[in-house]
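Shown next, in structure tokens, is the structure this report addresses.
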Amino acid sequence: MAEHNHDHEQEPKGIRKNKILLTSEEFKALEDKVKKSDEYFDRLLRLQADFDNYKKRLEKDKIEFIKFANEEIIAEILKIIDDFERAVEAGKTKHDFDVLYKGIEMIHNDLRNFLKEEGIKEIEAKGKPFDPHEHEAMMQEETDAHPEDYVIEELQKGYTFNGRVIRPSKVKVAKRPKGAPSDPSTSSGESRASSRDEAEGKSNKK
């Protein structure tokens with residue numbers, strides 16, 4: 001009967017086992033580290049979930065803020081609409097155009113003051129040198145009654161909001177008549193002229 005020596009059995013080819021002998025203390029320490037790593041991983045997952053929830057709440061708050069950011073402005077505009085309705089009603093009742101006109105004039109002044117308080121300011125245009133940053137040249141007029149490249153008529157008011165142009169003034173700009181001598185006071189107008197022509201070209205393309 002053949003004897004089997006299990007201590008000397010050959011392991012399958014291609015497989016190599018590295019065996020490390022640990023003391024009970026070392027095994028316990030390793031086991032504790034594995035438990036701690038699991039705890040850290042669970043904590044990381046919870047932190048990730050909390051952070052995702054925080055981002056969702058932040059996005060929701062942002063949407064709500066944008067949605068109601070202009071609530072106070074809308075409330076003021078509603079007051080102006082109330083004034084309009086009262087003015088129109090007074091005009092209908094009394095059949096007096098002057099009453100209606102005065103009511104609308106008062107509302108217009110209130111609206112302008114309200115916009116001014118909110119940071120909206122009218123751009124000065126008429127009688128000013130053409131500024132391509134604030135003015136949009138819609139047309140030119142040959143004239144010797146005004147300096148060249150000066151705004152001679154405002155076709156539509158422009159506005160700034162807290163110092164930033166939100167709508168340029170649409171203007172008519174003076175142009176020196178052909179053959180007229182150049183005005184020394186407008187020697188610096190050449191750069192404004194090129195800017196004016198460029199701005200007018202853009203407006204014609206619209």
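Each reported figure results from applying straightforward, stated rules to the coordinates on display, with no laboratory input. Predicted model, so just to flag it, every value in this text is computed and none were measured. Glycine gets a Cβ as well: all are built from the backbone with ideal geometry, and neighbour counts include every protein chain shown.
A few remarks follow.
- The phi torsions of region 127-136, fed into the Karplus equation with coefficients 6.51, -1.76 and 1.60 and a -60° offset, translate into couplings of x, 9, x, 4, 10, x, 7, 10, 10, 10 Hz, rounded to whole numbers, with Gly and Pro shown as x.
- With a cut-off of 14 Å between beta carbons, the residues surrounding residue 93 carry a summed charge of -1, where Lys and Arg count +1 and Asp and Glu -1.
- By definition, a body whose alpha carbon gyration tensor gives a ≥ b ≥ c is oblate when a/c is 1.5 or more and a/b is not larger than b/c, and region 45-167 fits this oblate description.
- Packing-based exposure ordering (other Cβ within 10 Å, fewest first) of 143, 23: 23, 143
- Counted residue by residue at 0.36 nm each, then reduced by the alpha carbon distance between them, the extension gain from residue 121 to residue 65 reaches 17.6 nm.
- The residues 24, 37, 169, when put in order of fewest to most other Cβ atoms within 10 Å, stand as 24, 37, 169.
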